[in-house]
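Let me begin by presenting the structure, written as structure tokens, before commenting on it.
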Amino acid sequence: MFIKIDYKVWIGVLVIISLYACSGGRENKNGEFNETYSKFDGGINIPVAGNSWIVDEYQKSSDLITKSGINNWSCHEDTLRTFFHTPKTGVLRVGIRAKAVSESSIMEIKLDDQKKNISLEPSDDFQNIFLGQFDVTSRGYQEIDLYGVSKEGECFPEISHIIIDGEAAPESVKFVKDDFYWGRRGPSVHLRYEVSEDIGKVEYFYNEITVPEGNDVIGSYFMANGFAHGYFGIQVNSQKERRILFSVWSPHKTDNPDEIPEDKRIVLLDKGEDVYAGKFGNEGSGGQSYKKFMWETGKTYGFLLRGVPSGDTKTTYTAWFFDPKVEQWSLIASFQRPETNTYLTHFHSFLENFIPDAGALPRKGLFSNQWLINTKGEWYEISNATFTADATARKDARLDYLGGTDNNSFFLKNCGFFDERTNIGTSFSRPLKKVHPEIDFYQLPGVE
């Protein structure tokens with residue numbers, strides 16, 4: 001016996017089946033995704049290579065995240081976190097471009113407190129896979145976490161992109177689209193000190209830095225005394241190593257110090273005790289010096305720089321560091337720069353992260369008590385500064401940058417994907433201290 005079914009009913013059944021297949025399955029009461037994946041064709045593609053880190057194990061990021069995305073992901077405890085910035089709230093549909101190279105696996109996706117599970121089957125090629133739908137309730141930076149629940153093979157899928165669309169994913173969504181090395185390092189931020197021409201020729205530049213507790217993040221360079229031809233400040237190089245760093249650029253433009261002609265090389269004239277001196281490259285080239293020193297958070301350190309012509313075509317730059325624990329100045333180094341005849345110019349400070357794997361961690365530095373001393377020995381206090389940032393910030397690849405005043409200090413903050421932001425070009429003023437530090441210049445080590 002055959003049952004006759006109207007063709008309209010058949011069409012309705014087919015539509016329901018089609019919609020079910022495109023949805024990738026159903027969510028249960030706990031928001032978990034019970035069925036296998038479905039394809040996800042639309043959306044904005046966010047490269048894992050420039051926008052993702054391994055949560056709480058940032059040093060693993062360089063091992064697992066390559067230019068093509070995340071590979072060889074085998075540990076269940078690793079969470080891949082991807083950041084993007086949206087100006088809108090609303091529905092967000094999320095997918096991945098992935099290839100499950102071996103057996104099937106189950107992954108968890110999380111946004112805020114919303115979680116879903118997805119089962120991924122083996123595939124020979126990359127596919128766009130829909131993971132689930134979420135609600136974005138606040139504008140700004142969002143975090144999408146992928147966590148490996150279980151796998152039958154050795155590794156979880158290779159993932160090249162996180163894919164988003166929906167109300168919360170307009171075309172104006174911000175993320176790192178290229179220059180992944182710089183994007184992962186995060187935005188560098190600067191203070192350009194405003195100086196009157198009435199000061200005259202400046203021979204000395206004094207500044208102080210305090211790093212608040214919890215902001216001594218690995219990869220941070222808190223640069224105090226920047227000038228036209230170099231920079232001087234403190235770094236966090238590892239959990240067991242910190243440095244006082246002073247460098248001077250060569251007039252010969254190259255990223256390879258070995259290419260600098262002999263007559264254009266930076267010459268070391270003197271250096272302090274336990275100070276290493278050599279050459280540097282990759283971001284320009286020149287002479288570099290550093291002293292390993294475990295400076296501490298919450299303490300204020302002094303930086304003094306001198307720049308004087310030493311002949312018609314040479315200038316000598318000398319840097320000293322003040323340790324409040326021993327209340328003494330120590331010589332870092334004295335360099336001679338060829339093809340130069342100038343006193344100090346272009347006064348600035350900056351904060352940067354130089355380790356890409358640490359670009360998801362925030363750090364902040366306080367810069368205070370800035371003074372200039374001219375060739376007549378007259379002191380001038382700096383109270384005004386303009387906030388600037390690098391190309392990563394200017395092209396909106398990263399929006400986590402901030403500057404301003406904090407009590408009697410200027411401050412800089414970067415990285416960490418926070419939402420507050422300072423407009424580039426903003427100027428601010430700090431209260432005048434009106435009392436300059438007491439320095440006996442004739443007793444400074446290294447001075448003849």
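The values are calculated or read from the model by the stated rules, or taken from the named source; none is laboratory data. Just so you know, these numbers come straight off a predicted model, no measurement behind them. For neighbour counting, all protein chains shown are included, and Cβ atoms are generated from backbone atoms with ideal geometry for every residue, glycine included.
Structure values in brief
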read-out: Only one of Tyr317, Tyr301, Tyr290 that is at pLDDT 95 or above and farther than 23 Å from Tyr442 by Cα; value: Tyr290
read-out: Residue selected from region 307-327 under the condition in contact with a Pro (Cβ under 9 Å, 6 or more places away or on another chain) and over 26 Å from Val189 (Cβ atoms), by the criterion surrounded by the fewest Cβ atoms within 10 Å (Cβ to Cβ); value: Thr313
read-out: Condition check for Pro187: closer than 30 Å to Ile373 by Cβ, under 26 Å from the mean Cα position of the chain (by Cα) and either not in a strand (DSSP E or B) or not assigned by TED's automatic domain parsing to the domain that holds Leu399 (or both); value: no
read-out: Every residue from region 131-157 that is buried (at least 21 other Cβ atoms within 10 Å of the Cβ) and more than 18 Å from Asp113 (Cβ to Cβ); value: Phe156, Pro157
read-out: Members of region 341-354 that are under 8 Å from the mean Cα position of the chain (by Cα), more than 16 Å from Leu399 (Cβ to Cβ) and either of a type in the set (S, T, N, Q) or surrounded by 21 or more Cβ atoms within 10 Å (Cβ to Cβ) (or both); value: Glu352
read-out: Some residue of region 258-274 being under 25 Å from the mean Cα position of the chain (by Cα) and part of a strand (DSSP E or B); value: no
read-out: Residues that are closer than 15 Å to Trp73 by Cβ and either of a type in the set (Val, Ile, Thr) or assigned to a strand (DSSP E or B) (or both), drawn from region 122-160; value: Asp145, Leu146, Tyr147, Gly148, Val149, Ser150, Lys151, Glu158, Ile159, Ser160
read-out: Any chance Tyr181 is of a type outside the set (A, V, I, L, M, F, W, C), touching a residue at least 12 places away in the same chain (Cβ under 8 Å) and buried (at least 17 other Cβ atoms within 10 Å of the Cβ); value: no
read-out: Set Leu111, Leu120: member being at pLDDT below 95, surrounded by 14 or more Cβ atoms within 10 Å (Cβ to Cβ) and of a type in the set (A, V, I, L, M); value: Leu120
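For (1) buried (at least 21 other Cβ atoms within 10 Å of the Cβ); (2) assigned to a loop (DSSP other than H, G, I, E, B); (3) touching a Gly at 6+ places or on another chain (Cβ under 6 Å); (4) not aliphatic (A, V, I, L, M), each residue gets a yes or a no:
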| position | (1), (2), (3), (4) |
| --- | --- |
| Asp357 | yes, no, no, yes |
| Leu372 | yes, no, no, no |
| Ala397 | yes, yes, yes, no |
| Gly404 | no, no, no, yes |
| Phe417 | yes, yes, no, yes |
| Glu438 | no, yes, no, yes |
| Gly446 | no, yes, no, yes |
